[in-house]
Structures are given as C-alpha cells and as structure tokens.
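A short reminder: the numbers here are calculations on the coordinates, not readings from a lab. Please read all numbers here as calculations on a predicted model, not as lab measurements. Every residue, glycine among them, receives a Cβ derived from its backbone with ideal geometry; neighbour counts consider all protein chains shown.
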C-alpha cells in the first residue's frame, strides 16, 4: 500500500468515542459497503479452485505451470485489491455513503457515472464508435479524496507549478500551425478549416497558468529537449488527437519528407482488412527524436480466447498492461496514458471483450460494474507503470485526465448538440486547486506518475468541438467529444512540454 493511503487508512479506522465495539461495527459496515468481504470470499474461492486444479494436474501427470500462474496472479490481485478497497473505505469514512455505491444506493461502487448503454456493430468505423461515451463528461466520485492541489513536486522537494489553474487568453501568435495545412499528420475529419465551419476565433485562445510562467512551445526547443528520446502516447482517440496535435506543432503543419515513418519498428503496420494500423511512429532524424501513438482504448491487455476463430471473444485483463507497453516500455523516455470514453457496455459487447482479473473470468460483482472496472483498471495501470519506473530511471510517465464532452439538449444519439460558437461563454478561468478528474488524481497520488490535468480548462471550451462540421459525421449527429485542430489539445501539449 502506498504510504499516504496506509496512513489515511489508520486515521479512518479511529473513532471519536473510543469505543472498540463501535469501531468494529463501523469498520464492518465500511467493508460491507465497499465490497471487501464479497471480494475476499470470491478471491478465496478462486484460489481454492486454482489450488485444486493444480493438485489434479499433478495427480494426472500434467504441468501445473498454468494453475500456479493463475494462483500467483490471484494473490497479486488480492494485494492490489486491498489497496483499492482501503481507498474506498477511507472515502466512505468521510463522504456521503450513497456517493460511493452503498447497498441502498443506485450508483456503482466508488463512482456514480450514468453510462450510456448502446449496441453497435463491431465493424463500424472508430470515428463513430468514439462518439459513444458516458453521459457524464467528467468523472464523479474519487476513489480517494485528493488533498492539496494537482501540481507535482520537483526533485528538490519544492512545489511545482499547477498548470491546470489559470485562464484562457487571446494570443494573436496562435495557432502554431495552419488548419489548412498539416495534411501529412492531421486526419481530415478533425481539420475544421477544411469543413463548412466559418468561425475560427477559438484558434486564437491560449492557456495561461495563474501562478507561474509556462515556457512557450517552439519546434526547436521541443526537438532539442527530446534529442535521442522517444515520446509515446497510449490511449483512445483523444490520445490520438493529442498525438496529431503534437506532430503538427513540431512540424509547424508543414510537409516534412525528412521525417521517417518507423512504425514497423513497433509493429505498427496496417493489417489486412483493417481500417488503419494500431498506431503510428515518426522519427525526426535531425535530433533522433521519435513521437508515436498506440491505440489502447481501455489500457488493458486484450487476448483472444480462441486465436484460430475470427469471431472469438477477447479476454480483457484489467490487471495487465497492454502487451505493447510491456514490450516497448524500455524504449520510451516520455509516456502519456489516457482512457475514459470507451468504458460502457456497448463497447464491451461490440468488441466481444470479457472482463478477466487474475487470469480468469471476473467473478467480483463490484468489478463487473463498468465504473468499478474502469476505476480498477486506471489504478492498476498507474501502479504497474510506477512499479517499472525504478527499472527505467530516465522515463517520465504521465496519466492524462479525462477530456470532457459537451452534449447539450440530448446525448450523442438523441439529438445532442454543441452549436455554441462564442468562446468562453461559460467562463474563462479555473480557480480550483483540485483536479476536476478526481479518479485520475487519486490514481497517481503517492506514485511517481504525474497527472497531466486538462479536464477543467477543457471544460470551458465547448465551442471547440467538431460539432456538426465533421466531414465524417452522419446527418443530424454532432461530435461533441472530439476537438477541432488546431484547438484545445494544443494547450494540452504546451502543458506537457512545460513538464518535460
């Protein structure tokens, strides 16, 4: 358990009255509400089953390697789950019980998101799939209540800048690239200058932190800082937008025949029948700098249950990092992770993902709920990356907070719109120290993984979405999830650059 959580757990276990019976009763209630007892019974049952299978294998002369592996995984999961449930119990001790999904609550454990459930064909384009997302644009209900602000500390122990606190200002030097150009790197569906849209005031807005100076981004400074290094984005389509934004910023949106496609070095090649490869990787030879993106919408390891069957289901291992990360992490110097908008039943059904934990199908009722599975996964991937950092001392890892949606008067499939063209009509400044994505903030707390906090500042920019103008959008359907480029993700990359 991380030191902060262990200390908090000790504090949460104390009672004002000093009565041991009352303390025991409250502890029992917290554990029951947070599902610890249920989980422990289920885990014990699974371990007993794995142990029995191992014994039977020995009796029949079979290898017990797989059973031992599963048993070890379950033991590892119990350790991790202890941290997860401790966090819930700490939160329960100081927050409204219903908010954390108690027995009398209609919400999911820990998180009260109302997820949109849809059915969609597996072969639909990723552009359409990406618009299917939770109704709530910002995660509600942290796993642990974050204390202090979202800023990190420097190696000297001094408080670093809170880049998420500040305001949007007009800057005539922006954008850093043209929306008419950058065709080599930017998907046409996100280049709003190429659509029927005629208002582009939003392109001139730049994020200005409140209490500290943020170094301006320039191509030369970025490439110099990243000389002989690799920056990797791993996540969903919003991560892909951030990747394309950075490629446009580094090249100025210009054609760069000298930039080398090195995707094959990372297995990023387009498979037969696929719409696109699983990612892209480009090398800037002048400084030996590589920028890449890998598609992993859930940040889980996906494993076909029957590799010989094209229609097979896939094991969605919540407690394992994507195989791509395990294989190539040693090559990265900067890693930016994100997930969020693919956590709904429709996506799991459409992709035939079956939740697995500890190497076996999940039996934990709390993790079976989408919000619980998502929370578990985010904590799991952050903890895994944090555990790898001592092996890769030069690696800087970030978890990017969720990018908000702005559907008004409905949802993505019920006529929801984002027609506003007046920038900052809902405000221009973020004054809060705490992150607007408490789940992400809680996951990185106590680790060396940094929070790239973009939620609150992006929440102010509802005019910056693709809206009705996407050349790929279906009639009557608006994209209020993805952003026009140039646009809001450019600010994310300025903040990222400032933290390198």
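Numbers for the structure displayed
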{"read-out": "Pairwise label distance in nanometres, residue 331 with residue 220, each label 7 Å out on the Cα-Cβ vector", "value": "3.0"}
{"read-out": "Extension gain (nm, one decimal) between residue 425 and residue 180, 0.36 nm per residue minus Cα-Cα", "value": "85.6 nm"}
{"read-out": "Among 194-203, 427-436, 387-396, the order from most to least packed when residues are scored by Cβ within 10 Å on average", "value": "427-436, 194-203, 387-396"}
{"read-out": "Nitroxide proxy distance, nm - points 7 Å out along Cα→Cβ at residue 409 and residue 477", "value": "2.0"}
{"read-out": "Contact order normalised by residue count of segment 126-498, Cα under 8 Å, 6+ apart, percent", "value": "26"}
{"read-out": "Distance in nm between pseudo-label sites at residue 448 and residue 432 (7 Å out along the Cβ direction from Cα)", "value": "3.1"}
{"read-out": "Calculated FRET efficiency for the pair residue 169/residue 276, C-beta based, R₀ 41 Å, to 0.05", "value": "0.70"}
